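Heads up, the thing below is written out as structure tokens.
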Amino acid sequence: MRKLVYYVGISLDGYIAGPGGEWDFMVSDDVTTWITQRYPDTVPTHIRPHVGLEGEARQAFDTVVMGLGTYQPGLDVGVTSPYAHLRQYVVSTTLGEIADPAVELVTGDPLGLVRELKAQEGMDIWLAGGGKLAGTLLPEIDELVIKRYPVVAGAGIPAFDGAFLPTRFTPTRTESFDSGASVTWFSRTPAA
């Protein structure tokens, strides 16, 4: 069965973006190079040629689920299909419509969507954010891949924003970078 993987970058204090959606304070050249090698599926389609990624070859994901806050920055610069090399779902109750047929708008139950996607054949499903969507989908998240950057944001969009729902994950591996950033993989801890 496919897994839902929350692959995301966070600050030391647990934010995935600043209060205005800023994320550039968490950029690190060594991590960016690693991303293009290890998780090229997560590089937006319009950026892929600029970092040496051509075509639609996939390594980990064939589907992406994101909230409006993750989708909106692309729209703001005229990119309506940010991950054209993946099946794309945007979960939003306020967007109204998406003009690009390559992107499906989900206005209903995101848990139902993910359960349906998990039952289908394919590669893993990338939960790209944001924090509210991650909070809602926490019961279905199978794995976390957390890129932790050595910076404190002080405020912003938390990695998880939702109901109090303590959920245990077990770290399985960590990689560290010269910049002080690290990536840790966590698997959902089976219920006792």
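Counting only residues that are touching a Phe, Trp or Tyr at 6+ places or on another chain (Cβ under 9 Å) and not in a loop (DSSP other than H, G, I, E, B), which one in segment 30-58 is surrounded by the fewest Cβ atoms within 10 Å (Cβ to Cβ)?
ASP30
Are any residues in segment 125-171 in contact (Cβ under 8 Å) with a residue 40 or more places away in the chain, assigned to a strand (DSSP E or B), in contact with a Ser or Thr (Cβ under 6 Å, 6 or more places away or on another chain) and within 20 Å of LYS3 (Cα to Cα), and if so, which ones?
Residues satisfying the conditions are ILE125, ALA128, GLY129, GLU143, ILE146.
Got a sec? Which of ASP62, ASP13 is acidic (Asp, Glu) and either part of a strand (DSSP E or B) or in contact with a helix residue (DSSP H, G or I) (Cβ under 7 Å, 6 or more places away or on another chain) (or both)?
Within the list ASP62, ASP13, the selection yields ASP62.
Six or more apart or on different chains, Cβ under 6 Å: which pairs go from a residue in segment 176-189 that's within 7 Å of VAL145 (Cα to Cα) and free of Cβ contacts under 8 Å to residues at least 60 places away in the same chain to one that's part of a strand (DSSP E or B) and small (Gly, Ala, Ser)? Could you list them?
Qualifying pairs under 6 Å: none.
Determine if segment 130-148 includes at least one residue that is surrounded by fewer than 17 Cβ atoms within 10 Å (Cβ to Cβ), closer than 22 Å to THR33 by Cα and at pLDDT 95 or above.
no
Would you pick out the residues in segment 69-91 that are of a type in the set (S, T, N, Q), at pLDDT 95 or above and under 22 Å from LYS3 (Cα atoms)?
GLN88 - this is the single residue of segment 69-91 that is of a type in the set (S, T, N, Q), at pLDDT 95 or above and under 22 Å from LYS3 (Cα atoms).
List the residue pairs whose Cβ atoms are under 6 Å apart, where the first residue sits in segment 86-101 and is without any contact (Cβ under 8 Å) to a residue 60 or more places away in the chain, the second is surrounded by fewer than 16 Cβ atoms within 10 Å (Cβ to Cβ) and in a strand (DSSP E or B), and the two are 6 or more positions apart or on different chains.
TYR89/GLU104
Here is a list of conditions, (1) under 20 Å from GLY130 (Cβ atoms); (2) assigned to a strand (DSSP E or B), and GLN72 meets all of them except one; can you say which number that is?
With respect to (1) under 20 Å from GLY130 (Cβ atoms); (2) assigned to a strand (DSSP E or B), GLN72 is out only on (2).
Looking at the structure I just gave you, is VAL90 surrounded by 13 or more Cβ atoms within 10 Å (Cβ to Cβ), among the β-branched types (Val, Ile, Thr) and not in a loop (DSSP other than H, G, I, E, B)? Reasoning before the result, please.
Working: surrounded by 13 or more Cβ atoms within 10 Å (Cβ to Cβ): yes; among the β-branched types (Val, Ile, Thr): yes; not in a loop (DSSP other than H, G, I, E, B): yes.
So VAL90 passes the test.
Looking only at segment 168-185, which residues are among the aromatic types (Phe, Trp, Tyr) and under 22 Å from VAL27 (Cα atoms)?
PHE177, TRP185, listed by residue number.
When segment 172-188 is examined, which residues are found to be surrounded by fewer than 11 Cβ atoms within 10 Å (Cβ to Cβ) and part of a loop (DSSP other than H, G, I, E, B)?
The one that is surrounded by fewer than 11 Cβ atoms within 10 Å (Cβ to Cβ) and part of a loop (DSSP other than H, G, I, E, B): ASP178.
The values are calculated or read from the model by the stated rules, or taken from the named source; none is laboratory data. Computed from a predicted structure; not experimentally measured. Using ideal geometry, Cβ is built from the backbone for each residue, glycine included, and neighbour counts are taken over all protein chains shown.
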